[in-house]
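The values are calculated or read from the model by the stated rules, or taken from the named source; none is laboratory data. Keep in mind that what you see is a predicted model, and the values were worked out from it rather than measured. In this analysis, Cβ positions are derived from the backbone assuming ideal geometry, glycine residues included, and neighbour counts consider all displayed protein chains.
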Amino acid sequence: MSDRDALVATLDGWRQRWPEWQVAETFIAGESRDAAVAWFMLLGELAEAAWGGSDPTPGLAKLGWWQEELRGWAKGLRRHPLGLALQKQPVEWSPFADSLGGLRDRDLAHADEQAAATALASFLVAISAVERQLFGEVARDSDPLQLLRTLKVSIGLPVAAAKTRRGGPRPRRVFDALAMARANAARKGDAIVLSRWLTLVLAWRAARGR
């Protein structure tokens, strides 16, 4: 399997978990679509390593591996297929790698959300910094609490009922809107995968910053 084939297969795995994205990404610039999926998948991998499973040992090892991988990206090296979409982007990967240390506290997944967002401030700020570099400058940065909620939703953890706190570049705003809609649907016992029509409305509003 070629590197490109490996990347396509990897991204397809994420798209199967988020079928709404096929509709939502029509509001994302074509040249940013693969990078957006790869980035959101990377964040999901990190959240799963930090907070998934009952045994913390494999997750901690995986976080350490990702720190090494991201530092390799800063040097022009890569091992993971996601690197094909992300490694050569104009991103400072070393500071982001350094920020992963806060994820080692597994209790934060179930702690008070505001307290968890404060404890993970360096990591959440680093996410915003990478997204500015990936997708361009924005008038308003992503809200840290919203970033935390979207991370939790991406691995199936519940979040408090709340409206989407908008901010960040367009791909972030769209994904946050979908994540919160999924969380609210799950809380009500509705279908978790959003309908095509609801996805279209949510993505359009988020893309316009509404």
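Okay, here's what the table says:
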{"quantity": "Hits in the range 157-210 (condition: touching a Lys or Arg at 6+ places or on another chain (Cβ under 6 Å), of a type in the set (Lys, Arg) and either under 22 Å from TRP51 (Cα atoms) or crowded, with 19+ Cβ neighbours inside 10 Å (or both))", "calculated": "ARG173"}
{"quantity": "From SER128, SER94, residue being touching an Asp or Glu at 6+ places or on another chain (Cβ under 6 Å) and assigned to a helix (DSSP H, G or I)", "calculated": "SER128"}
{"quantity": "Candidate set from the range 26-71 (those that are under 26 Å from PRO158 (Cα atoms) and part of a loop (DSSP other than H, G, I, E, B)); member that is modelled with the highest pLDDT", "calculated": "GLY52"}
{"quantity": "Boolean, SER94 is touching a residue at least 24 places away in the same chain (Cβ under 8 Å), closer than 23 Å to ALA206 by Cβ and of a type outside the set (A, V, I, L, M)", "calculated": "no"}
{"quantity": "Neighbours by Cβ (under 7 Å, 6+ apart or cross-chain): first from the range 43-58, farther than 10 Å from LEU151 by Cβ; second surrounded by 19 or more Cβ atoms within 10 Å (Cβ to Cβ) and among the small types (Gly, Ala, Ser)", "calculated": "ALA49/GLY59; GLY52/GLY59; GLY53/GLY59"}
{"quantity": "Subset of the range 65-80 (residues that are among the aliphatic types (A, V, I, L, M) and surrounded by 15 or more Cβ atoms within 10 Å (Cβ to Cβ))", "calculated": "LEU70, ALA74"}
{"quantity": "Matching residues in the range 8-25 - criterion: being part of a helix (DSSP H, G or I) and aromatic (Phe, Trp, Tyr)", "calculated": "TRP14, TRP21"}
{"quantity": "Lone qualifier among GLY136, GLY30 - being within 17 Å of the chain's Cα centre (by Cα) and loosely packed, with under 15 Cβ neighbours inside 10 Å", "calculated": "GLY136"}
{"quantity": "Criterion: over 21 Å from GLY209 (Cβ atoms), aromatic (Phe, Trp, Tyr) and in contact (Cβ under 8 Å) with a residue 24 or more places away in the chain - qualifying residue of PHE135, PHE123", "calculated": "PHE123"}
{"quantity": "Pairs with Cβ under 6 Å, 6+ apart, first in the range 1-29 and on the phi < 0 side of the Ramachandran plot, second surrounded by fewer than 17 Cβ atoms within 10 Å (Cβ to Cβ) and polar (S, T, N, Q)", "calculated": "none"}
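Residues checked against (1) among the aliphatic types (A, V, I, L, M); (2) assigned to a loop (DSSP other than H, G, I, E, B):
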position: GLU137; (1), (2): no, yes
position: ASP141; (1), (2): no, yes
position: GLN146; (1), (2): no, no
position: LEU157; (1), (2): yes, yes
position: ALA161; (1), (2): yes, yes
position: GLY167; (1), (2): no, yes
position: ALA177; (1), (2): yes, no
position: ALA181; (1), (2): yes, no
position: ALA185; (1), (2): yes, no
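Results for (1) farther than 17 Å from TRP14 by Cβ; (2) under 15 Å from the mean Cα position of the chain (by Cα); (3) modelled with pLDDT under 95, shown as yes or no for each residue.
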{"residue": "SER142", "(1), (2), (3)": "yes, yes, yes"}
{"residue": "PRO158", "(1), (2), (3)": "yes, no, yes"}
{"residue": "ALA161", "(1), (2), (3)": "yes, no, yes"}
{"residue": "VAL174", "(1), (2), (3)": "no, yes, no"}
{"residue": "GLY189", "(1), (2), (3)": "yes, no, yes"}
{"residue": "ILE192", "(1), (2), (3)": "no, no, yes"}
{"residue": "ARG210", "(1), (2), (3)": "yes, no, yes"}
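Residue-wise test of (1) charged (D, E, K, R); (2) in contact with a Pro (Cβ under 7 Å, 6 or more places away or on another chain).
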{"residue": "ALA6", "(1), (2)": "no, yes"}
{"residue": "ARG15", "(1), (2)": "yes, no"}
{"residue": "GLU25", "(1), (2)": "yes, no"}
{"residue": "ALA35", "(1), (2)": "no, no"}
{"residue": "LEU46", "(1), (2)": "no, no"}
{"residue": "ALA50", "(1), (2)": "no, no"}
{"residue": "LEU86", "(1), (2)": "no, no"}
{"residue": "TRP93", "(1), (2)": "no, no"}
{"residue": "ASP98", "(1), (2)": "yes, no"}
